[in-house]
Every structure is written in C-alpha cells, then in structure tokens.
Amino acid sequence: MAAVGSGPEDLARVRFDTVSPEETLRSVTEWLQDNGPFDAVGVGAFGPLDLESGTITTTPKLAWRGFALKKNLEDALGVPVVVDTDVNAAALGEHCWGAARGVKSFLYMTIGTGIGGGAMVDGRLLHGRQHPEMGHLVTPLHPLDREFEGVCPSHGTCLEGVASGPALEARWGKAARELPAEHPAWEHEAFYLGFALANFIYAFSPERIILGGGVMEQGHLYPAVQERVETILNGYVAAPPIIPPEQPHCGVLGALALARGAGG
C-alpha cells in the first residue's frame, strides 16, 4: 500500500503480509491513521469481488471469503473507500502514469502467481455483473500437455491453470525464474498466452496489450508471444503491440487514481 500525493514521484510505500483479514486490516488502518489525514482511500484487491459492496467472495484465500473489505475500511477510517480488482487498479495506474498514457482502449494482464486482466474500453474500465476474470479463460492445450491436469483448483487447465507461475513449476519441476530461455517451457507459455490474447483482441480490440507479473520478467517472452499472436490472428485483424508495464507499482498508483475519483 502507499500514501501518495500527485503521482509516482510522491510515492511512500510500506508492505504488510496478507494474513487474516482482521490482522491485515489492523496493520493497514493503523498505518493510515498514523500517516493521514486522507480524504479517501483506493484499494486494488484480489478477488473475486462484489464490486457494489466491496466484499471479497469466492477467493481461494478461505479466511477472506465473505469479508466486507470496503465496509470495514470505511468504518475504521471514516472516509470513502473505493474498491476494484488489483488488475483493474494496475491498468488504471498504467493509463494515468505508464505505458497506456493517452490510450483509450487497452488490456493489462499480470502473469505471475495467478493470472488476471483488466481492460479499458473507450476510456472506461470494463466492469459487468461482477468483473472480468480473464485468467480463467479456457484455451487449447498444448499438444505435449495432454496429460497435464493444470493447477487451478476450480477449472484445472484454464489459462491460470496452465500458464501461471505455479503451473510452470508443476509442469516442469522448477520455478519460472530457474528455467533458461531455451527451455521448452517458454514455447508452451507463448502458446497459451498467444491463444488467450488473440481471443481478447477479437473481443475488445485493444490498441495495446501490457503484460506484467513475475513470469513476464523473462524478457524473451514478449517477442515470442507477439509472434504467436500474429500467427494465430493470421492477418484477419492487426495485432497490437505487446509490451511491459512502465510503472513497477502500477497497482498502487491505480489505487491512488481510484481514491482521487471517489468524489465524482
């Protein structure tokens, strides 16, 4: 989390472990109260979320299921609290201060411990009945992964189940950071991300795609994914540029932008 003024240059950061809801929020609210006052607070949270109430719903973090994040923060702090998904917050941070400045339609995805995505379409973050869960898109299985059951507890071989950091480790026996650039894992990764992004391009027509997260610290993945997307699209529509984020704390910056919009 962070206290911020006008932008990235004013960022003051502190990190708390995500433990029980009560203990985590106690640490957060105490820090905010010691460093306030604040007019509003923005939160980019893991989900799934009920965006209207700001309640965490069917998260794998069982202790957090049904936790009224927005209400508990507002009761503790006495100021408006705006809650959105962590990936929507990251997308908003990149839109305001990063790789999506001046872009009205783009996609931000994080590829790491989990996979999630936030989309901005015509200048507005995409919401719906709940919020997009792009990490659980169903993709074709790589021909050499037919026996791989995936790691998603809900869907097995959805995108997160086959292309997240834990999926790479389960499939190949080593963490992503330990796999050399020539390892076959990366051809599989480009395969999965390529199909997912091609589907999102058809659905949302983004001007650019920003890929962040720990798995994407493998810089050789960007051209491999770009090539795979272009192959899948096969000239039917143009592939947008697929690029890294510019802001290392884009999620925190997006939470700032959420708070700044709390009054209107």
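The values are calculated or read from the model by the stated rules, or taken from the named source; none is laboratory data. Bear in mind that the values here come from a model prediction, so they are computed numbers and not experimental data. Virtual Cβ from ideal backbone geometry, glycine too; neighbours counted across all protein chains shown. Note: accessible area is taken over every heavy atom of the protein model, side chains too, but ligands, DNA and RNA are not part of it. Shrake-Rupley method; radii C 1.70, N 1.55, O 1.52, S 1.80 Å.
Please state which one of Ala91, Ala100, Ala119 is part of a loop (DSSP other than H, G, I, E, B), open to solvent by less than 10 Å² (accessible area, probe 1.4 Å) and within 24 Å of Glu230 (Cβ to Cβ). Steps first, please.
Values: Ala91 fails: part of a loop (DSSP other than H, G, I, E, B); Ala119 fails: part of a loop (DSSP other than H, G, I, E, B).
So the residue among Ala91, Ala100, Ala119 that is part of a loop (DSSP other than H, G, I, E, B), open to solvent by less than 10 Å² (accessible area, probe 1.4 Å) and within 24 Å of Glu230 (Cβ to Cβ) is Ala100.
If you go through segment 131-173 and keep only what is in a loop (DSSP other than H, G, I, E, B) and either of a type in the set (S, T, N, Q) or over 23 Å from the mean Cα position of the chain (by Cα) (or both), you end up with Thr139, His142, Arg146, Glu147, Phe148, Glu149, Ser154, Thr157, Ser164, Gly173.
Of note, Ala68 satisfies the criterion of being in contact with a Ser or Thr (Cβ under 6 Å, 6 or more places away or on another chain), modelled with pLDDT of 95 or more and surrounded by 14 or more Cβ atoms within 10 Å (Cβ to Cβ). Among residues of segment 2-31 being open to solvent by less than 60 Å² (accessible area, probe 1.4 Å) and assigned to a loop (DSSP other than H, G, I, E, B), the one that is modelled with the highest pLDDT is Ser20. Look at (1) crowded, with 16+ Cβ neighbours inside 10 Å; (2) without any contact (Cβ under 8 Å) to a residue 12 or more places away in the chain and you find that Glu52 fails only one, number (1).
Count of segment 159-180 residues, restricted to those that are surrounded by fewer than 23 Cβ atoms within 10 Å (Cβ to Cβ), touching a Leu at 6+ places or on another chain (Cβ under 9 Å) and not charged (D, E, K, R), is 3.
Just name the residue that is nearest to Ala181 (Cα to Cα) out of those in segment 202-238 that are of a type in the set (A, V, I, L, M) and crowded, with 21+ Cβ neighbours inside 10 Å.
So the residue we want is Leu221.
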